[in-house]
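Enquirer: My questions will all concern the structure given below.
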Amino acid sequence: MQPAEAKARHDQLAEEIRRNDHAYYVAAQPTISDHEYDRLYRELLNLEQEFPELVTPDSPSQRVGGQPIDKFESITHTMPMMSLDNTYSPEEVQAFINRVQKLLPDESLDWIVEPKVDGVAVSLRYENGALVTGATRGDGTTGDNITANLKTIRGLPLRIEAGAGTPKVLELRGEVYMTRTGFEKLNFERESAGDEKFANPRNATAGTLKQLDPRIAANRPLRVVLYGAGEIDADFRPTTQDTFLTWLRSLGFRTSERVWHSGTADEVLAAIAELDSVRRKFDYETDGAVIKLNDFALRQHCGATAKAPRWAIAYKYAPEQAETVLRDISIQIGRTGALTPVAELKPVLLAGTTVKRATLHNEEELRRKDVRIGDRVIIEKAGDIIPAVVRVVVEQRTGAEQVFLFPKQCPECSSNVTRDSVGGTANVVWRCPNPDCPAQVRGRLEHFCSRGAMDIEGGGEVLIRQLADHGLALDASELYRLKVEEVAALDRMGEKSAQNFIEGIAGSRQRELWRLIFGLGILHVGTGVAKSLSRAFPNLDTLMHATEEDLAALDDIGPVIARSVADWFNNPDNSALVERFRKADLNFESDLFQAADKDGIFSGKTFVLTGTLPTLTRTEATARIEALGGKVSTSVSKNTHYVLAGEDAGSKLAKAEKLGISILSESMFLDLCEGP
Ligand code: IVH
């Protein structure tokens, strides 16, 4: 393809991808299938590989760019990011409106009522149409530069198209959030990988934006909704909130799906009530309404206090809470041995369901809230999800309450519990270290059979407990030796359901390899990681023999996961289990594996190309590397083995030098290709 032709096609693809991102993430009306989208995206990447000059900063491929950083830089906001005063009753809202009217005695005021999105506030700065920086609120004056993480949000335009001129400076304020369904999926995935769950979507969002590696943010369901103005060119400065929001939408930004325009205090209160009745349908959590003066010039007259503007206020909805007695604290042991304290409650009605148990997360949480057995406690449905204990009603203590002693031994098998550190940070989770702990044995079997793993019908909690208690199956390989009569003889099992279960087990022999890898229950290995491993290795044997370094060199596997996987396979009990799976005839071959020549001289080696080579084109060099089993990556990191550098090599070369990576000229490279 000629460069001009490539450029035209690239423009077309980029435009189509942008349009679809907007349709999916902003308008919530997807127009093409995921498959079709992936195809467009791959074609774009291939073109950019061949014609690197097409990689512009606002190309859709640049959403996940760059390498992990050591720490965030600080950014000083050109206009402070203020917070809002809170109100909790209609009277306080009325008082607020009266206060503003008093500041503006001759004006007839109109108000905008918006959902108060419960996420993380951010400031976005576009210069000449391009997104240049994104920052957290921080202390209101200075925040963290989280541009790389924000760019991964596909609903956020990297460039704005303003027909009638583009502002030189356009700074916008908004809220990043995680969709409810995305949050639930993420937590499910974390739980099944043995990772600690996030308490709510806001924590998950904040935790994601704090990640120094943008690839993590790229894999999390973040969205952003805009509602405010920072520094904006005089010519483009908005005059009212409603015209501002309309303008933002025309530029491709997401704004709240509903806002109310109210003329009187009564209308404002009616809007607040109506918002309360519809807000649970939004895909973000809301904890209140924000009431803002519509007119920007009048806002200017009102001014601000040190902390918050005088022209706006938040109305907070009462969270759905209930008070009850905490009768006891029990300990649940997961399949990875994690000990989770659970509040056993006097049953109480909360948001339409009877709640008997609530999570206390971990020992640290328990101490922080000073929860004691016999306490009266307030429970809340965190975002209508899992009930949690919010606080103790300390005034109601009688003195008879008992401090809960977090067990030093596993309640199930009496092993001493341990608390290791993961990646240098102390872990808050206590674990039972005994792999034969009956609770872990049951947990592993259930996990193996679960829908997301080997998908064995009937392998639920009740049956698994019986199989384990009777010693019929103590690890997953033993499932494959079960006989119908043995299963049929168990409580509440008939011949027919035993037969179905055994057939389900037999059928699972042919499951895809990633399901087996996930089913092994390796710490930190969720379905996503299992699929990555299955793409990188042709079969379970090669995975089993991969070193920690081999694993860490894979694109989407970090050091903690690499260590966990290598440790798991290095444990003789686990390799014996794998051998029993082999004897039981389970499929070990990967259908996701993307072949590379494993015996090639560059097998396992990652190259980065930079600059212009004297004779080879980029495509030719890439083809040679891949043909010899190597991989080409776009950015230099400690996982890079060689940098192939030509003329005008830029920052990649400098980085490689800094990291002490071997740098090859074309002639050295061609020599290497010849082999030893
Ligand atoms: S306006 C100068 N509008 O609530 C005041 N804030 O409690 C700027 N928030 O820091 C805020 N939804 O993070 C505004 N529709 C909305 C909002 C909203 C959520 C957050 C924002 C702010 C916090 C104050």
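Enquirer: Once the other residues with Cβ under 12 Å from the Cβ of SER665 are scored (Lys, Arg +1; Asp, Glu -1), what is the net sum?
Expert: -3
Enquirer: Tell me which residues come under 5 Å, amide H to amide H, from THR87 once H is placed; ignore anything under 5 positions away on its chain.
Expert: Amide H neighbours of THR87, under 5 Å, 5+ apart: ALA314, TYR315, LYS316.
Enquirer: Could I ask something else about it? For the chain, what is the mean residue ellipticity at 222 nm derived from helices alone (per DSSP H run of n ≥ 4: -39500 (n - 2.57); sum divided by total residues; nearest 500 deg cm²/dmol)?
Expert: The helix contribution divided over the chain gives -10500 deg cm²/dmol.
Enquirer: Picking from ALA498, GLY526, SER450, whose Cα lies most toward the positive end of the charge dipole for segment 432-581 (charges on Cβ: Lys, Arg +1; Asp, Glu -1)?
Expert: So the residue furthest toward the plus end is ALA498.
Enquirer: Placing unit charges on C-beta atoms (Lys and Arg positive, Asp and Glu negative, everything else neutral), compute the dipole magnitude of segment 402-548 about its Cα centre in debye, rounded to 20.
Expert: 380 debye
Enquirer: Can you compute 3J(HN,Hα) from phi for each residue in segment 662-676, using the Karplus curve 6.51 cos²θ - 1.76 cosθ + 1.60 with θ = phi - 60°, rounded to whole Hz and x for Gly and Pro?
Expert: 4, 10, 10, 8, 4, 5, 4, 4, 5, 4, 4, 4, 5, x, x
Enquirer: Which far-off residues, 5 or more places away or on another chain, put their amide H under 5 Å from the one on GLU231, with H placed in the peptide plane?
Expert: Those qualifying (amide H under 5 Å, at least 5 residues apart or on another chain) are MET79, GLU171.
Enquirer: If each residue's Cβ is checked for other Cβ atoms within 10 Å, how do TYR24, TYR284 rank with the fewest at the top?
Expert: By the 10 Å Cβ count, ascending, the order reads TYR24, TYR284.
Enquirer: Please give the charge dipole size of segment 46-160, origin at the Cα centre, charges +1 on K and R Cβ atoms and -1 on D and E Cβ atoms. Round to the nearest 20 debye.
Expert: With Lys and Arg at +1 and Asp and Glu at -1, about 140 debye.
Enquirer: Compute, for the chain, the length of the dipole vector about the Cα centre, with Cβ point charges of +1 (Lys, Arg) and -1 (Asp, Glu) only. Units Debye, rounded to 20.
Expert: Dipole about the Cα centre, nearest 20: 1160 debye.
Enquirer: Got a sec? How would HIS545, HIS35, HIS641 order by Cβ neighbour count within 10 Å, fewest to most?
Expert: Going from least to most buried by this count: HIS35, HIS545, HIS641.
Enquirer: Using θ = phi - 60° and the Karplus curve 6.51 cos²θ - 1.76 cosθ + 1.60, what whole-Hz ³J(HN,Hα) does each residue of segment 29-46 get, with Gly and Pro shown as x?
Expert: These are the phi-based 3J(HN,Hα) values: 9, x, 10, 10, 6, 4, 4, 5, 4, 4, 5, 4, 5, 5, 4, 4, 4, 4 Hz.
Enquirer: If you average the C-alpha positions of segment 65-115 and of segment 545-623 separately, how far apart do those two centres end up, in angstrom?
Expert: After rounding, the separation between the Cα centres reads 51 Å.
Enquirer: Have a look at LEU245, THR634, VAL487 and report the one farthest towards the positive end of the charge dipole of the chain, computed about the Cα centre with Cβ charges (Lys/Arg +1, Asp/Glu -1).
Expert: Working it through, the farthest residue towards the positive pole turns out to be VAL487.
Enquirer: What does the charge count around PHE569 come to, taking other residues whose C-beta lies under 15 Å from its C-beta (Lys +1, Arg +1, Asp -1, Glu -1)?
Expert: -4
Enquirer: Tally Lys and Arg at +1 and Asp and Glu at -1 over the other residues with C-beta under 10 Å from the C-beta of ILE291: what net charge comes out?
Expert: Net local charge, ILE291 excluded: +1.
Enquirer: Would you kindly enumerate the cysteines in the chain that have no other Cys beta-carbon under 4.7 Å from their beta-carbon?
Expert: Cysteines lacking a close Cβ partner in the chain: CYS302, CYS449, CYS673.
Enquirer: Oh, and also: Which whole-Hz ³J(HN,Hα) couplings does segment 392-401 yield from phi under the Karplus relation 6.51 cos²θ - 1.76 cosθ + 1.60, θ = phi - 60°, glycine and proline marked x?
Expert: Values, residue by residue: 9, 8, 4, 4, 8, 5, 9, x, 8, 5 Hz.
Enquirer: How large is the Rg to Rh ratio of the chain when both quantities use alpha carbon positions and Rh follows Kirkwood?
Expert: 1.00
Enquirer: Which is farthest toward the positive dipole end of the chain among LEU672, PRO3, TYR24, measuring Cα position about the Cα centre, with Cβ charges +1 (Lys, Arg) and -1 (Asp, Glu)?
Expert: Of the options given, the answer is TYR24.
Laboratory data are not the source of any read-out in this text; all were calculated from the coordinates shown. Bear in mind that the values here come from a model prediction, so they are computed numbers and not experimental data. Note that we place each Cβ from the backbone using ideal geometry, even for glycine, and neighbour counts take in every protein chain shown.
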